[in-house]
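Have a look at the structure below before the remarks.
Taken together, the values in this text are just the output of simple stated rules run on the coordinates, not laboratory data. Here the structure is a predicted model, which means the values were calculated and not measured. Ideal geometry is used to build each Cβ from the backbone, glycine not excepted, and the neighbour counts take in all protein chains shown.
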Amino acid sequence: MKSRDIHHIVQAAAAARLINGAALWIAASEEPEATVGKAVDAFMLLAQGLLA
């Protein structure tokens, strides 16, 4: 496996863990609708950084 392939796997695993954490945060929130928006905004910023 090439180092570039490993880098993509690591990014995918990290993103999956962050999504899982966001889902837990949303589920535990008293205002899940508002929390979804915050989670999506944060993830989009993170994803843009990973793709840069």
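Here region 3-51 was treated as a single set of alpha-carbon atoms; its pair distances binned every 10 Å from 0 give 26, 45, 22, 7, 0 percent. Between the listed residues HIS8, ASN20, MET44, the Cα displaced farthest toward the positive end of the dipole of region 3-51, a dipole computed from Cβ unit charges relative to the Cα centre, is found at HIS8. Placing +1 at every Lys and Arg Cβ and -1 at every Asp and Glu Cβ, with all other atoms neutral, what dipole size does region 3-51 have around its Cα centre, in debye to the nearest 20? Here the size comes out at about 280 debye.
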